[in-house]
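Just below is one structure, and these are the notes that go with it.
The values are calculated or read from the model by the stated rules, or taken from the named source; none is laboratory data. All values derive from a computational prediction rather than experimental measurement. Glycine gets a Cβ as well: all are built from the backbone with ideal geometry, and neighbour counts include every protein chain shown. Protein only, heavy atoms only, side chains kept; ligands, DNA and RNA dropped before computing areas. Shrake-Rupley method; radii C 1.70, N 1.55, O 1.52, S 1.80 Å.
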Amino acid sequence: MTQSIPLVDLAPLHREVADGLDTAWRAVTRSGRFVGGEFVEQFEAQWAAFCGVDHCVGVSDGTAAIELALRALGIGAGDEVIVPANTFIATWEAVAAVGATPVPVDVDPDTLLMTASAVLAAHTPRTAAAIAVHMFGQPVDMDELSRVAARLNIALIEDAAQAHGATWRGKRAGSLGDIGCFSFYPSKNLGALGDGGAVVTRRADLAARVRSLGNHGRVETSPDEHVLVGSNRRLDAIQAAFLSVKLPRLDAWNDARRGLVDRYRGHLAGTAARMVRLSPNAVSANHLLVVEVPQRSALRKALAAEGIATGIHYAIPCHLQPAFAHLPRSHLPVAEAAAERILSLPLSPHMSAADVDRVGATLVAELARITANGPSAATGRAKSRPAVLV
Ligand SMILES: *Cc1c(COP(=O)(O)O)cnc(C)c1O
(Lines give C-alpha, C1' and ligand atoms only; values in the text may rest on other atoms or scores of the structure.)
Protein backbone atom coordinates (compact mmCIF):
# COMPACT_ATOMS: atom_id res chain seq x y z
CA MET A 1 0.00 0.00 0.00
CA THR A 2 1.53 3.31 -1.04
CA GLN A 3 1.36 6.34 1.23
CA SER A 4 -1.31 8.90 0.53
CA ILE A 5 -0.20 12.40 -0.46
CA PRO A 6 -2.07 15.26 1.25
CA LEU A 7 -2.79 18.57 -0.47
CA VAL A 8 -0.86 20.45 2.24
CA ASP A 9 1.36 18.92 4.92
CA LEU A 10 2.40 21.32 7.67
CA ALA A 11 3.82 18.74 10.07
CA PRO A 12 7.42 18.66 8.74
CA LEU A 13 7.47 22.45 8.60
CA HIS A 14 6.53 22.68 12.26
CA ARG A 15 9.04 19.96 13.18
CA GLU A 16 11.73 22.14 11.62
CA VAL A 17 10.96 25.05 13.97
CA ALA A 18 9.66 23.07 16.97
CA ASP A 19 12.35 24.23 19.40
CA GLY A 20 11.79 27.86 18.47
CA LEU A 21 8.03 27.53 18.90
CA ASP A 22 8.50 25.96 22.35
CA THR A 23 10.81 28.78 23.40
CA ALA A 24 8.38 31.40 22.08
CA TRP A 25 5.53 29.81 24.00
CA ARG A 26 7.48 29.95 27.25
CA ALA A 27 8.62 33.53 26.66
CA VAL A 28 5.10 34.82 26.01
CA THR A 29 3.71 32.92 29.01
CA ARG A 30 6.38 34.48 31.22
CA SER A 31 5.81 37.97 29.82
CA GLY A 32 2.19 38.02 30.94
CA ARG A 33 1.33 40.24 27.97
CA PHE A 34 -0.97 38.33 25.65
CA VAL A 35 -2.57 40.97 23.43
CA GLY A 36 -0.30 43.57 21.87
CA GLY A 37 3.00 44.29 23.62
CA GLU A 38 6.62 43.51 22.81
CA PHE A 39 6.09 40.31 20.80
CA VAL A 40 3.57 41.97 18.53
CA GLU A 41 5.78 45.05 18.13
CA GLN A 42 8.79 42.89 17.33
CA PHE A 43 6.96 40.90 14.66
CA GLU A 44 5.46 44.06 13.15
CA ALA A 45 8.97 45.52 12.77
CA GLN A 46 10.26 42.29 11.24
CA TRP A 47 7.37 41.96 8.80
CA ALA A 48 7.62 45.61 7.73
CA ALA A 49 11.36 45.13 7.09
CA PHE A 50 10.75 41.90 5.17
CA CYS A 51 8.18 43.62 2.97
CA GLY A 52 10.37 46.69 2.53
CA VAL A 53 7.94 49.21 4.01
CA ASP A 54 7.99 51.45 7.08
CA HIS A 55 4.77 50.34 8.74
CA CYS A 56 3.11 47.10 9.72
CA VAL A 57 0.06 46.64 11.93
CA GLY A 58 -0.68 43.14 13.16
CA VAL A 59 -4.36 42.24 13.07
CA SER A 60 -6.58 39.28 13.92
CA ASP A 61 -6.85 37.72 10.44
CA GLY A 62 -6.58 38.43 6.73
CA THR A 63 -10.21 39.36 6.25
CA ALA A 64 -9.89 41.97 9.00
CA ALA A 65 -6.73 43.28 7.32
CA ILE A 66 -8.64 44.05 4.11
CA GLU A 67 -11.63 45.48 5.95
CA LEU A 68 -9.44 47.77 8.07
CA ALA A 69 -7.46 48.85 4.99
CA LEU A 70 -10.71 49.87 3.29
CA ARG A 71 -11.95 51.72 6.38
CA ALA A 72 -8.61 53.46 6.85
CA LEU A 73 -8.89 54.71 3.27
CA GLY A 74 -12.31 56.12 4.12
CA ILE A 75 -14.17 53.69 1.86
CA GLY A 76 -17.75 52.87 2.78
CA ALA A 77 -21.39 53.13 1.75
CA GLY A 78 -21.89 54.46 -1.78
CA ASP A 79 -18.40 53.49 -2.89
CA GLU A 80 -17.54 50.84 -5.45
CA VAL A 81 -14.48 48.65 -5.10
CA ILE A 82 -13.18 46.71 -8.11
CA VAL A 83 -12.33 43.10 -7.28
CA PRO A 84 -11.43 40.03 -9.33
CA ALA A 85 -14.14 37.40 -9.74
CA ASN A 86 -11.81 34.53 -8.91
CA THR A 87 -10.55 35.16 -5.42
CA PHE A 88 -11.23 33.75 -1.99
CA ILE A 89 -14.58 35.10 -0.80
CA ALA A 90 -12.84 37.10 1.97
CA THR A 91 -11.81 39.81 -0.52
CA TRP A 92 -15.45 40.42 -1.32
CA GLU A 93 -16.66 40.04 2.28
CA ALA A 94 -14.35 42.82 3.41
CA VAL A 95 -15.77 45.18 0.77
CA ALA A 96 -19.32 44.30 1.80
CA ALA A 97 -18.45 44.65 5.50
CA VAL A 98 -17.57 48.34 5.11
CA GLY A 99 -20.81 48.96 3.21
CA ALA A 100 -19.20 49.36 -0.20
CA THR A 101 -20.16 47.45 -3.34
CA PRO A 102 -17.83 44.87 -4.91
CA VAL A 103 -17.61 45.39 -8.68
CA PRO A 104 -16.24 42.22 -10.25
CA VAL A 105 -13.85 42.06 -13.17
CA ASP A 106 -12.73 39.12 -15.26
CA VAL A 107 -9.13 37.93 -15.25
CA ASP A 108 -6.40 37.30 -17.78
CA PRO A 109 -6.83 33.83 -19.33
CA ASP A 110 -3.14 32.96 -19.07
CA THR A 111 -2.32 34.25 -15.58
CA LEU A 112 -5.83 34.16 -14.04
CA LEU A 113 -4.97 37.55 -12.53
CA MET A 114 -6.75 40.90 -12.58
CA THR A 115 -5.59 43.32 -15.29
CA ALA A 116 -5.30 47.07 -15.49
CA SER A 117 -7.46 47.20 -18.62
CA ALA A 118 -10.30 45.42 -16.81
CA VAL A 119 -10.07 47.95 -13.99
CA LEU A 120 -10.16 50.79 -16.49
CA ALA A 121 -13.27 49.31 -18.14
CA ALA A 122 -15.08 48.75 -14.83
CA HIS A 123 -14.34 52.21 -13.45
CA THR A 124 -17.28 54.53 -12.69
CA PRO A 125 -17.46 57.87 -10.87
CA ARG A 126 -18.21 55.87 -7.70
CA THR A 127 -15.09 53.71 -7.85
CA ALA A 128 -13.00 54.34 -4.74
CA ALA A 129 -10.46 51.52 -4.93
CA ALA A 130 -9.32 48.37 -6.66
CA ILE A 131 -8.10 45.30 -4.81
CA ALA A 132 -5.29 43.49 -6.61
CA VAL A 133 -5.34 39.86 -5.49
CA HIS A 134 -2.04 38.06 -6.05
CA MET A 135 -3.77 34.74 -6.68
CA PHE A 136 -1.93 31.47 -6.10
CA GLY A 137 1.17 33.49 -5.17
CA GLN A 138 1.87 35.47 -8.35
CA PRO A 139 1.74 39.28 -8.14
CA VAL A 140 -0.61 41.10 -10.46
CA ASP A 141 1.11 43.41 -13.00
CA MET A 142 1.50 46.26 -10.55
CA ASP A 143 3.19 48.64 -13.01
CA GLU A 144 0.14 48.86 -15.21
CA LEU A 145 -2.28 48.78 -12.32
CA SER A 146 -0.49 51.55 -10.40
CA ARG A 147 -0.53 53.74 -13.51
CA VAL A 148 -4.26 53.19 -14.00
CA ALA A 149 -5.04 53.71 -10.30
CA ALA A 150 -3.10 56.97 -10.30
CA ARG A 151 -4.82 58.13 -13.47
CA LEU A 152 -8.27 57.30 -12.08
CA ASN A 153 -7.35 58.67 -8.66
CA ILE A 154 -8.47 55.50 -6.87
CA ALA A 155 -6.76 53.65 -4.04
CA LEU A 156 -4.85 50.46 -4.79
CA ILE A 157 -5.10 47.75 -2.16
CA GLU A 158 -3.16 44.49 -2.38
CA ASP A 159 -4.68 41.28 -1.12
CA ALA A 160 -1.39 39.45 -0.62
CA ALA A 161 -2.86 36.66 1.50
CA GLN A 162 -1.46 34.09 -0.95
CA ALA A 163 1.75 35.92 -1.80
CA HIS A 164 4.04 36.22 1.25
CA GLY A 165 7.51 36.87 -0.08
CA ALA A 166 6.50 37.05 -3.75
CA THR A 167 8.09 39.90 -5.71
CA TRP A 168 7.22 42.15 -8.61
CA ARG A 169 10.39 43.66 -10.16
CA GLY A 170 12.22 42.74 -6.98
CA LYS A 171 9.76 44.45 -4.64
CA ARG A 172 7.75 42.39 -2.20
CA ALA A 173 4.04 41.79 -2.59
CA GLY A 174 2.23 44.06 -0.15
CA SER A 175 4.64 46.95 -0.73
CA LEU A 176 3.44 47.77 -4.24
CA GLY A 177 0.15 49.61 -3.72
CA ASP A 178 -1.19 52.05 -1.13
CA ILE A 179 -1.67 49.32 1.43
CA GLY A 180 -1.06 45.58 1.50
CA CYS A 181 -3.05 42.95 3.38
CA PHE A 182 -1.82 39.58 4.65
CA SER A 183 -3.39 36.55 6.28
CA PHE A 184 -1.35 34.28 8.54
CA TYR A 185 -3.91 31.48 8.47
CA PRO A 186 -1.93 28.31 9.24
CA SER A 187 -1.74 27.00 5.67
CA LYS A 188 -0.55 30.28 4.10
CA ASN A 189 3.11 30.56 3.08
CA LEU A 190 3.73 32.25 6.43
CA GLY A 191 1.20 30.87 8.88
CA ALA A 192 0.51 31.33 12.57
CA LEU A 193 -0.69 28.47 14.78
CA GLY A 194 -4.16 29.93 14.59
CA ASP A 195 -5.58 33.04 12.94
CA GLY A 196 -3.52 36.14 12.30
CA GLY A 197 -3.07 38.91 9.78
CA ALA A 198 -1.26 42.15 9.03
CA VAL A 199 -1.48 45.34 7.05
CA VAL A 200 1.69 46.90 5.61
CA THR A 201 2.06 50.34 4.11
CA ARG A 202 4.49 53.16 3.44
CA ARG A 203 1.90 55.66 4.62
CA ALA A 204 2.10 56.53 8.32
CA ASP A 205 -1.41 58.01 8.24
CA LEU A 206 -2.96 54.77 6.98
CA ALA A 207 -1.02 52.63 9.46
CA ALA A 208 -2.17 54.83 12.35
CA ARG A 209 -5.80 54.62 11.23
CA VAL A 210 -5.66 50.84 10.84
CA ARG A 211 -4.11 50.53 14.29
CA SER A 212 -6.75 52.73 15.87
CA LEU A 213 -9.69 51.12 14.04
CA GLY A 214 -8.54 47.66 15.12
CA ASN A 215 -8.03 48.72 18.74
CA HIS A 216 -11.41 50.24 19.68
CA GLY A 217 -10.64 53.59 18.06
CA ARG A 218 -7.91 54.41 20.54
CA VAL A 219 -4.97 56.69 19.81
CA GLU A 220 -1.66 56.34 21.61
CA THR A 221 -1.47 59.94 22.70
CA SER A 222 -4.80 59.84 24.55
CA PRO A 223 -5.50 56.33 25.86
CA ASP A 224 -8.84 57.14 27.52
CA GLU A 225 -10.37 58.58 24.39
CA HIS A 226 -11.98 56.53 21.62
CA VAL A 227 -11.54 58.82 18.67
CA LEU A 228 -12.94 56.54 15.97
CA VAL A 229 -15.74 53.97 16.05
CA GLY A 230 -13.44 50.98 15.87
CA SER A 231 -13.56 47.36 16.86
CA ASN A 232 -11.24 44.67 18.21
CA ARG A 233 -9.06 43.21 15.48
CA ARG A 234 -5.79 42.81 17.37
CA LEU A 235 -3.08 40.21 16.86
CA ASP A 236 -2.34 37.88 19.78
CA ALA A 237 1.17 38.02 21.26
CA ILE A 238 1.52 34.23 21.07
CA GLN A 239 0.78 34.24 17.32
CA ALA A 240 3.20 37.13 16.76
CA ALA A 241 5.91 35.23 18.65
CA PHE A 242 5.29 32.09 16.56
CA LEU A 243 5.40 34.16 13.38
CA SER A 244 8.76 35.65 14.40
CA VAL A 245 10.12 32.11 14.73
CA LYS A 246 8.89 31.08 11.29
CA LEU A 247 9.65 34.27 9.33
CA PRO A 248 13.43 33.65 8.97
CA ARG A 249 12.56 30.39 7.14
CA LEU A 250 10.03 31.93 4.74
CA ASP A 251 12.36 32.62 1.81
CA ALA A 252 13.86 29.12 2.02
CA TRP A 253 10.40 27.56 2.18
CA ASN A 254 9.33 29.62 -0.85
CA ASP A 255 12.49 28.48 -2.69
CA ALA A 256 11.57 24.88 -1.91
CA ARG A 257 8.07 25.47 -3.30
CA ARG A 258 9.58 26.94 -6.47
CA GLY A 259 11.82 23.91 -6.98
CA LEU A 260 8.86 21.55 -6.60
CA VAL A 261 6.74 23.61 -9.00
CA ASP A 262 9.55 23.49 -11.59
CA ARG A 263 9.61 19.72 -11.16
CA TYR A 264 5.84 19.56 -11.72
CA ARG A 265 6.31 21.72 -14.81
CA GLY A 266 8.68 19.13 -16.23
CA HIS A 267 6.04 16.43 -15.82
CA LEU A 268 3.18 18.47 -17.26
CA ALA A 269 4.99 19.93 -20.29
CA GLY A 270 3.26 18.88 -23.50
CA THR A 271 0.18 17.49 -21.74
CA ALA A 272 -3.37 18.85 -21.57
CA ALA A 273 -2.72 20.10 -18.01
CA ARG A 274 -1.93 23.79 -18.21
CA MET A 275 -0.15 25.84 -15.55
CA VAL A 276 -0.65 29.59 -15.21
CA ARG A 277 1.78 31.76 -17.14
CA LEU A 278 4.37 33.60 -15.06
CA SER A 279 5.35 37.15 -15.85
CA PRO A 280 9.11 37.64 -16.24
CA ASN A 281 8.73 40.52 -13.75
CA ALA A 282 7.21 38.30 -11.08
CA VAL A 283 8.60 35.80 -8.64
CA SER A 284 5.65 33.79 -7.40
CA ALA A 285 5.32 32.61 -3.81
CA ASN A 286 3.68 29.48 -5.26
CA HIS A 287 1.06 29.33 -2.55
CA LEU A 288 -0.99 26.91 -4.62
CA LEU A 289 -0.08 24.81 -7.61
CA VAL A 290 -3.07 25.27 -9.87
CA VAL A 291 -3.42 23.51 -13.21
CA GLU A 292 -6.26 23.72 -15.70
CA VAL A 293 -7.39 20.31 -16.84
CA PRO A 294 -10.13 18.80 -18.99
CA GLN A 295 -12.46 16.23 -17.35
CA ARG A 296 -11.63 17.52 -13.90
CA SER A 297 -14.02 15.46 -11.80
CA ALA A 298 -12.97 12.18 -13.43
CA LEU A 299 -9.34 13.13 -12.96
CA ARG A 300 -9.86 14.06 -9.31
CA LYS A 301 -11.52 10.72 -8.65
CA ALA A 302 -8.72 8.85 -10.36
CA LEU A 303 -6.09 10.72 -8.33
CA ALA A 304 -8.02 10.17 -5.09
CA ALA A 305 -8.13 6.43 -5.85
CA GLU A 306 -4.31 6.57 -5.96
CA GLY A 307 -4.22 8.32 -2.58
CA ILE A 308 -3.50 11.75 -4.05
CA ALA A 309 -5.48 14.63 -2.55
CA THR A 310 -6.40 17.63 -4.71
CA GLY A 311 -8.30 20.86 -4.11
CA ILE A 312 -10.24 23.48 -6.07
CA HIS A 313 -9.45 27.14 -5.43
CA TYR A 314 -12.19 28.11 -6.00
CA ALA A 315 -15.06 26.09 -7.41
CA ILE A 316 -17.53 28.98 -7.64
CA PRO A 317 -16.39 32.49 -8.63
CA CYS A 318 -17.47 35.12 -6.09
CA HIS A 319 -19.93 36.83 -8.45
CA LEU A 320 -21.88 33.54 -8.69
CA GLN A 321 -21.93 32.87 -4.94
CA PRO A 322 -25.41 32.95 -3.34
CA ALA A 323 -24.19 35.53 -0.80
CA PHE A 324 -23.73 38.05 -3.60
CA ALA A 325 -26.82 37.18 -5.63
CA HIS A 326 -28.26 40.62 -4.78
CA LEU A 327 -25.64 42.33 -6.94
CA PRO A 328 -26.27 42.95 -10.65
CA ARG A 329 -25.51 39.75 -12.57
CA SER A 330 -22.25 39.78 -14.46
CA HIS A 331 -20.96 37.29 -16.98
CA LEU A 332 -17.21 36.86 -16.62
CA PRO A 333 -16.31 34.11 -19.08
CA VAL A 334 -12.65 33.57 -18.20
CA ALA A 335 -13.22 33.24 -14.45
CA GLU A 336 -16.28 31.07 -15.01
CA ALA A 337 -14.53 28.71 -17.43
CA ALA A 338 -11.44 28.50 -15.23
CA ALA A 339 -13.55 27.61 -12.19
CA GLU A 340 -14.65 24.45 -14.00
CA ARG A 341 -11.14 23.40 -14.99
CA ILE A 342 -8.79 24.40 -12.16
CA LEU A 343 -7.29 21.77 -9.93
CA SER A 344 -4.83 22.35 -7.07
CA LEU A 345 -2.14 19.68 -6.74
CA PRO A 346 -0.28 18.72 -3.56
CA LEU A 347 2.36 21.28 -2.61
CA SER A 348 4.15 22.16 0.63
CA PRO A 349 7.78 23.21 1.18
CA HIS A 350 8.83 19.83 2.60
CA MET A 351 7.13 17.69 -0.03
CA SER A 352 9.61 15.20 -1.48
CA ALA A 353 10.68 15.20 -5.12
CA ALA A 354 9.60 11.55 -5.23
CA ASP A 355 6.05 12.56 -4.24
CA VAL A 356 5.98 15.25 -6.93
CA ASP A 357 7.11 12.61 -9.42
CA ARG A 358 4.36 10.28 -8.27
CA VAL A 359 1.67 12.96 -8.54
CA GLY A 360 3.03 14.17 -11.88
CA ALA A 361 3.27 10.70 -13.41
CA THR A 362 -0.15 9.65 -12.10
CA LEU A 363 -1.75 12.83 -13.37
CA VAL A 364 -0.22 12.50 -16.82
CA ALA A 365 -1.21 8.82 -17.09
CA GLU A 366 -4.78 9.43 -15.89
CA LEU A 367 -5.13 12.47 -18.13
CA ALA A 368 -4.11 10.40 -21.15
CA ARG A 369 -6.49 7.58 -20.17
CA ILE A 370 -9.44 9.85 -19.45
CA THR A 371 -9.04 12.07 -22.48
CA ALA A 372 -8.73 8.98 -24.69
CA ASN A 373 -11.94 7.43 -23.29
CA GLY A 374 -13.98 10.39 -22.15
CA PRO A 375 -16.77 12.01 -24.15
CA SER A 376 -15.46 15.05 -26.00
CA ALA A 377 -12.78 15.04 -23.38
CA ALA A 378 -10.31 17.37 -24.99
CA THR A 379 -12.70 20.22 -25.69
CA GLY A 380 -12.05 23.52 -24.06
CA ARG A 381 -9.18 25.90 -24.10
CA ALA A 382 -6.44 23.31 -23.91
CA LYS A 383 -7.15 22.38 -27.52
CA SER A 384 -6.95 25.82 -29.01
CA ARG A 385 -3.71 26.94 -27.44
CA PRO A 386 -0.30 25.51 -26.58
CA ALA A 387 -0.80 22.94 -23.84
CA VAL A 388 1.81 24.40 -21.53
CA LEU A 389 2.86 28.00 -21.79
CA VAL A 390 5.66 27.98 -19.28
C1 LIG B 1 -6.81 33.41 3.03
C2 LIG B 1 -7.23 34.54 2.20
C3 LIG B 1 -7.88 35.67 2.76
C4 LIG B 1 -8.43 35.73 4.16
O5 LIG B 1 -7.60 35.45 5.20
P6 LIG B 1 -8.19 34.95 6.61
O7 LIG B 1 -7.00 35.06 7.48
O8 LIG B 1 -8.65 33.54 6.42
O9 LIG B 1 -9.29 35.85 7.01
C10 LIG B 1 -8.15 36.75 1.93
N11 LIG B 1 -7.83 36.72 0.63
C12 LIG B 1 -7.24 35.66 0.05
C13 LIG B 1 -6.91 35.72 -1.41
C14 LIG B 1 -6.94 34.53 0.81
O15 LIG B 1 -6.37 33.48 0.21
Checklist entry - Does region 109-118 contain at least one residue that is among the small types (Gly, Ala, Ser), under 16 Å from Ala161 (Cβ atoms) and either open to solvent by less than 10 Å² (accessible area, probe 1.4 Å) or under 20 Å from the mean Cα position of the chain (by Cα) (or both)? => result no
Checklist entry - When only residues in region 125-141 that are surrounded by fewer than 24 Cβ atoms within 10 Å (Cβ to Cβ) and not hydrophobic (A, V, I, L, M, F, W, C) count, which is nearest to the ligand (Cβ to nearest atom)? => result Asp141
Item to check | Number of positions in region 288-306 that are touching a residue at least 12 places away in the same chain (Cβ under 8 Å) and open to solvent by 20 Å² or more (accessible area, probe 1.4 Å) | outcome: 6
Item to check | Scope region 71-81; condition within 16 Å of the ligand (Cβ to nearest atom) and open to solvent by 40 Å² or more (accessible area, probe 1.4 Å); matching residues | outcome: Arg71
Checklist entry - Out of all the residues in region 163-171, is one or more in contact (Cβ under 8 Å) with a residue 60 or more places away in the chain and open to solvent by 40 Å² or more (accessible area, probe 1.4 Å)? => result yes
Next on the checklist: Quick check on region 30-49. Is at least one of its residues of a type outside the set (A, V, I, L, M), more than 16 Å from Val210 (Cβ to Cβ), touching a residue at least 40 places away in the same chain (Cβ under 8 Å) and in contact with a Phe, Trp or Tyr (Cβ under 8 Å, 6 or more places away or on another chain)?
Outcome noted: yes
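Yes/no matrix, rows are residues, columns are (1) within 13 Å of the ligand (Cβ to nearest atom); (2) closer than 17 Å to Arg211 by Cα:
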{"site": "Leu68", "(1), (2)": "yes, yes"}
{"site": "Val83", "(1), (2)": "yes, no"}
{"site": "Thr91", "(1), (2)": "yes, no"}
{"site": "Pro104", "(1), (2)": "no, no"}
Checklist outcome for this item: Among residues of region 232-276 being in contact with an Asp or Glu (Cβ under 9 Å, 6 or more places away or on another chain) and open to solvent by 40 Å² or more (accessible area, probe 1.4 Å), the residue farthest from Ala18 (Cα to Cα) is His267
Checklist entry - Within region 152-210, can you find the residues that are assigned to a loop (DSSP other than H, G, I, E, B), of a type outside the set (Lys, Arg) and away from the ligand (no atom under 15 Å from the Cβ)? => result Asn153, Ile154, Gly170, Ser175, Leu176, Asp178
Checklist entry - Among Val40, Val53, which is away from the ligand (no atom under 16 Å from the Cβ), hydrophobic (A, V, I, L, M, F, W, C) and in a loop (DSSP other than H, G, I, E, B)? => result Val53
